[in-house]
Amino acid sequence: MKDMPLLLDGYRTFRAETFPANRALYRDLVAHGQSPRAMVIACCDSRVEPSTIFNTRPGELFMVRNVANLVPPYEPQGEFHGTSAAIEFAVTGLEVAHIVVLGHAFCGGVKAFLEGLYGPDPNRPFITRWMSLLTPALRDLQDSGALSDAEAARRTLELASIKQSLSSLETFPFVKAAMAEGRLALHGLFFDIERGLLLEYDPAVDAFGPVDGDGDTGGVSPPGGA
Ligand SMILES: [Zn+2]
């Protein structure tokens, strides 16, 4: 860690201030175990910090982050599924009441995929395969002729990645069962980095709009930010 002074400085602050101030919370979380209110599936992007956006404390969010906040379909015959394992534990073990798919503006993974940078590439076998989860959404874009405007296409695909993950979640039998029993709700959110705003997916109208109680938004910001 000697080459990472920034991280060590942060850790020293955590040890000197944050941990002592939250000692009782950590003690309680150890004594009673975790009981997070929600699972969040977010992108790895360093600008999109779920615990900052939701202003949560340790113990409140069960989180998995991956490139472009994608959920693969239910594939029990597959080999190593980190995201699926986290979903399984959240739903069947922790019995979370909510799963939030958190997408965001200016997603580098989506942009690279859109530009064909994650096409077949033997030097990038993992990310190429992972981003292919977005291929159906890309085909829809191609079919609608919406690819001509690169910025608009990227925003559309960023939103599509959220919708696709919500659809994939419903292919997991234990997710479907929990939803049918009213024990679990799914949510799709989009984080507009520039404006610090969250937009929520409404499946009834197949569109994203302001979250409840947030009047400071006119919907999805124009491509490229506003
Ligand atoms: Zn991203």
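The values are calculated or read from the model by the stated rules, or taken from the named source; none is laboratory data. Since we're looking at a predicted model, the values are computed, not measured. Cβ sites come from the backbone with ideal geometry, for glycine too, and all protein chains shown count toward neighbours.
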Scanning for something out of contact with any Lys or Arg (no Cβ under 9 Å at 6 or more places or on another chain) and among the polar types (S, T, N, Q), does the stretch 57-66 turn up at least one residue? yes
Just one listed residue, out of T18, T83, is surrounded by 12 or more Cβ atoms within 10 Å (Cβ to Cβ), touching a residue at least 40 places away in the same chain (Cβ under 8 Å) and assigned to a helix (DSSP H, G or I), and it is T83
Would you confirm whether or not the stretch 149-162 contains a residue that is part of a helix (DSSP H, G or I), of a type in the set (S, T, N, Q) and surrounded by 19 or more Cβ atoms within 10 Å (Cβ to Cβ)? yes
Just a yes or no: is a residue in the stretch 58-74 within 22 Å of S161 (Cα to Cα), within 16 Å of the ligand (Cβ to nearest atom) and hydroxyl-bearing (S, T, Y)? no
For R129, are the conditions met, namely being within 20 Å of the chain's Cα centre (by Cα) and either outside the structural domain of I193 (by TED's automatic domain parsing) or at pLDDT below 90 (or both)? yes
Residues that are out of contact with any helix residue (DSSP H, G or I) (no Cβ under 9 Å at 6 or more places or on another chain) and within 26 Å of R183 (Cβ to Cβ): does the stretch 55-74 have at least one? yes
Where a residue in the stretch 133-150 is within 26 Å of P73 (Cα to Cα) and its partner, wherever it lies, is basic (K, R), with Cβ under 9 Å and at least six apart: A137/K163
Check whether at least one residue in the stretch 73-95 is under 13 Å from the mean Cα position of the chain (by Cα) and under 22 Å from I193 (Cα atoms), and report yes or no. no
Search the stretch 58-69 for residues that are farther than 11 Å from V40 by Cα and aromatic (F, W, Y) and pair each with any residue that is part of a loop (DSSP other than H, G, I, E, B) and within 14 Å of the ligand (Cβ to nearest atom) when their beta-carbon atoms are under 8 Å apart and the residues are at least 6 apart or on different chains. none
Keeping to the stretch 92-130, report how many residues are under 20 Å from A42 (Cβ atoms), part of a loop (DSSP other than H, G, I, E, B) and either free of Cβ contacts under 8 Å to residues at least 40 places away in the same chain or away from the ligand (no atom under 16 Å from the Cβ) (or both). 4
Scanning the stretch 96-105 residue by residue, those surrounded by fewer than 18 Cβ atoms within 10 Å (Cβ to Cβ) and under 16 Å from the mean Cα position of the chain (by Cα) turn out to be H98
Can you name the residue in the stretch 29-50 that is part of a helix (DSSP H, G or I) and in contact (Cβ under 8 Å) with a residue 12 or more places away in the chain and, of all such residues, is nearest to the ligand (Cβ to nearest atom)? P50
What number of residues within the stretch 132-160 are away from the ligand (no atom under 12 Å from the Cβ) and under 15 Å from the mean Cα position of the chain (by Cα)? 3
